[in-house]
Amino acid sequence: MTWLDQILDAHKDFESPMNYWRWSAIAALSAVMRDQIYLDRWFYKIYPNVYVMLYGESGIKKGPPIAMANKLVHSVGNTNI
């Protein structure tokens, strides 16, 4: 079971859509990795930047996945938010 699968399994009973949990976790992982991972192309480097926007109706519970991602990034402590 991957880390992402564990996150999704832990939050499967919440009201928020599973895609919100998935993309919030991916955004948190991207924020923690920063510029540590890249593809080296002889003259330049390609960094896997991830930009995520959770879009949905009012009241669809976008807040809990965002709070989870925020807590994960803060617990690592290598990224300014």
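The values are calculated or read from the model by the stated rules, or taken from the named source; none is laboratory data. Quick caveat: nothing in here was measured; it's all calculated off a predicted structure. Note: ideal-geometry Cβ built from the backbone for every residue, glycine included; neighbour counts use all protein chains shown. Surface accessibility is based on the protein's heavy atoms, side chains included, excluding ligands, DNA and RNA. Shrake-Rupley method; radii C 1.70, N 1.55, O 1.52, S 1.80 Å.
Accessible surface calculations at 1.4 Å, restricted to protein heavy atoms, place region 1-64 at 81 Å² per residue. Within 13 Å, Cβ to Cβ, of Asp5, how many net charges do the neighbouring residues add up to if Lys/Arg are +1 and Asp/Glu are -1? Once all neighbours under 13 Å are counted, the net charge is +1. Taking chymotrypsin sites (Phe, Trp or Tyr not before Pro) across region 20-81, the ones in a DSSP loop with at most 10 further Cβ atoms lying within 10 angstrom of their Cβ are Trp42, Phe43, Tyr51, Tyr55.
Dipole size of the chain about its Cα centre, with +1 on Lys/Arg Cβ and -1 on Asp/Glu Cβ: approximately 200 debye, rounded to the nearest 20.
Counting pairs of alpha carbon atoms under 8 Å apart in space and at least six apart in sequence, what relative contact order in percent does the chain give?
35
Within the chain, what whole-number % of the accessible surface is contributed by carbon and sulfur, with the 1.4 Å probe and all protein chains included in the calculation? Carbon with sulfur: 57 percent of the solvent-accessible area. The helix-only estimate of mean residue ellipticity at 222 nm for the chain, built from DSSP H runs of length n ≥ 4 each weighted as -39500 (n - 2.57), is -15000 deg cm²/dmol after division by the residue total.
List the longest stretch of the chain that has no exposed loop site; here a site is one of the trypsin sites (Lys or Arg not before Pro) assigned by DSSP to anything other than H, G, I, E or B, with at most 15 other Cβ within 10 Å. That would be 35-60.
Is any residue of region 1-33 close enough, with backbone N under 17 Å, to a label point placed 7 angstrom from the Cα of Tyr47 along the Cα-Cβ axis, and if so, which? What the label zone holds, given the 17 Å backbone N cut-off, is 27-33.
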